[in-house]
Amino acid sequence: MKFTICAVLALLSLGTVSVSRAQDADASKTRLLPQLVQMANDEGKKIYNITEILDGESETAVIRPEIRCHNTYSVAKLFTCATLEILQDQGKLDVDEKLFPILEKYFPENFDPRWRDVTIADVIRHRAGFDSSSDKLDIDAVDPVDWDRDFLKIVLSQKLPNEPGAKFCYTDAAFYLASRVVSEKTGEKLDDFMVRELLEPLRFSEYAFSTDPEGYPIGATGMYISTSDMAKLGQMYVQDGVYDGKRILSKEVVDEAFARGFELNQVDKDGNSFVKGGMNGQLLYMNRKTKRVVALHSFGSDTDAFIKFLVENDK
């Protein structure tokens, strides 16, 4: 493994920008990081770091060196999906199996019978049957101090206004269910299993998780990591499940995740570029053709502008 080398690039109005490069990039490829940094400077928003990985070679612009790790917000959902996909590869889970038998012992009396038809795939595709009033676990928007300590009870007590699988409704509650599915399938909390099976193979340096009062990670948000580490998940996906020469996911599972949109959202016409975003300006961009990955942590940046630039220039 090569040690990281740091060098100061420039002094911008946003602050000192330093770049850490894992190793020299292939001269035949064009990096987009300088333009992305300039966009960050021109925008004037609080952008902390931008990481670009091109053909496995990582470079990070540290624009605001305030703290190393940041909340990924909903990018955490993609990490939860990857953890479920590891379980799928291990033969411990089928994404098309029903949720009810897994969590049956936790359902309250008189639960909505539609819960019996919800699959894990419905959950991670935001088609469990919720509507906009059902997201009772949005810890980023609501102070949970007065909630019932049993978060699973809060979710499983909800009525499902829509037929499972029929209607898209984006909720954090769904990914809390995914977190609890991991626990039931492994006997471990999501964070413990994820650290051993995903984050350590990806050589993450630091991480922290928001949990419910019983210690179960939310699964949908509240994952604190560095920008350079966040990019590694994208690198694994564009390399068909391999990172640093080690297979973490099978190519079959990766192909399924892209095809079925398991928190991988296509943004180009050709089916090469995908993103996962997070509240307050978090972004993970992946291109399966060019193998380019871009990760960004910010507070309030216009991530749509960055996505548009990347789609237009990353061919």
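What number of residues in the stretch 89-100 are surrounded by 13 or more Cβ atoms within 10 Å (Cβ to Cβ) and within 22 Å of the chain's Cα centre (by Cα)?
Total satisfying the criteria: 4.
Please give the number of the condition M286 fails out of (1) of a type outside the set (G, A, S); (2) at pLDDT 95 or above; (3) under 30 Å from D150 (Cβ atoms); (4) assigned by TED's automatic domain parsing to the domain that holds L33.
Among (1) of a type outside the set (G, A, S); (2) at pLDDT 95 or above; (3) under 30 Å from D150 (Cβ atoms); (4) assigned by TED's automatic domain parsing to the domain that holds L33, M286 violates only (3).
Can you run down the residue pairs with Cβ atoms below 7 Å, 6 or more apart or on separate chains, where the first is in the stretch 150-170 and without any contact (Cβ under 8 Å) to a residue 24 or more places away in the chain and the partner is surrounded by 20 or more Cβ atoms within 10 Å (Cβ to Cβ) and hydrophobic (A, V, I, L, M, F, W, C)?
I154/L137; V155/L137; V155/A173; V155/L177
Starting from the stretch 204-216, take each residue that is over 23 Å from D150 (Cβ atoms) and touching a residue at least 12 places away in the same chain (Cβ under 8 Å) and list its partners that are outside any loop (DSSP other than H, G, I, E, B) and of a type in the set (D, E, K, R), counting only C-beta distances under 6 angstrom and pairs at least six apart or across chains.
F204/D229
Would you mind telling me which numbered condition in (1) charged (D, E, K, R); (2) closer than 26 Å to V195 by Cβ; (3) at pLDDT 95 or above D96 fails?
Only one criterion in (1) charged (D, E, K, R); (2) closer than 26 Å to V195 by Cβ; (3) at pLDDT 95 or above is unmet by D96, namely (2).
From the list A121, A61, which residue is at pLDDT 95 or above and surrounded by fewer than 23 Cβ atoms within 10 Å (Cβ to Cβ)?
Just a single option satisfies the conditions, and that option is A121.
Being part of a loop (DSSP other than H, G, I, E, B) and within 22 Å of the chain's Cα centre (by Cα) is true for just one of A128, A82. Which residue is that?
A128
Consider the stretch 263-301. How many of its residues are among the charged types (D, E, K, R) and out of contact with any Asp or Glu (no Cβ under 6 Å at 6 or more places or on another chain)?
The total comes to 6.
Tell me, yes or no, whether the stretch 89-96 has at least one residue that is out of contact with any helix residue (DSSP H, G or I) (no Cβ under 9 Å at 6 or more places or on another chain) and within 22 Å of Y237 (Cα to Cα).
yes
Given the criteria over 23 Å from the mean Cα position of the chain (by Cα) and either closer than 30 Å to L284 by Cα or in a loop (DSSP other than H, G, I, E, B) (or both), does L160 qualify?
Here the answer is yes, as L160 does meet what is asked.
Give the residue that is nearest to I67 (Cα to Cα), with candidates limited to residues of the stretch 178-203 that are charged (D, E, K, R) and in contact (Cβ under 8 Å) with a residue 40 or more places away in the chain.
Here the residue is R203.
If I ask for residues that are in contact with a Gly (Cβ under 9 Å, 6 or more places away or on another chain) and assigned to a loop (DSSP other than H, G, I, E, B), which ones from the stretch 107-125 would you list?
D112, V118, R125
Any residue in the stretch 206-215 that is closer than 23 Å to G91 by Cβ, outside the structural domain of P144 (by TED's automatic domain parsing) and of a type in the set (A, V, I, L, M)?
So far as the stretch 206-215 goes, no, none of its residues is closer than 23 Å to G91 by Cβ, outside the structural domain of P144 (by TED's automatic domain parsing) and of a type in the set (A, V, I, L, M).
If L103 passes every condition in (1) closer than 26 Å to Q235 by Cα; (2) part of a helix (DSSP H, G or I); (3) more than 22 Å from the chain's Cα centre (by Cα) but one, which one does it miss?
(1)
Listed here are the residues, each with its yes/no results for (1) farther than 26 Å from D148 by Cα; (2) not charged (D, E, K, R).
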{"position": "P65", "(1), (2)": "yes, yes"}
{"position": "S74", "(1), (2)": "no, yes"}
{"position": "Q88", "(1), (2)": "yes, yes"}
{"position": "G91", "(1), (2)": "yes, yes"}
{"position": "D94", "(1), (2)": "yes, no"}
{"position": "I102", "(1), (2)": "no, yes"}
{"position": "Y106", "(1), (2)": "no, yes"}
{"position": "D122", "(1), (2)": "no, no"}
{"position": "F130", "(1), (2)": "no, yes"}
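Given (1) in the same structural domain as S58 (by TED's automatic domain parsing); (2) within 19 Å of R125 (Cβ to Cβ); (3) in contact (Cβ under 8 Å) with a residue 60 or more places away in the chain, identify the lone condition not met by G271.
(3)
The values are calculated or read from the model by the stated rules, or taken from the named source; none is laboratory data. Please read all numbers here as calculations on a predicted model, not as lab measurements. Every residue, glycine as well, gets a Cβ built from its backbone with ideal geometry; the counts of neighbours run over all protein chains shown.
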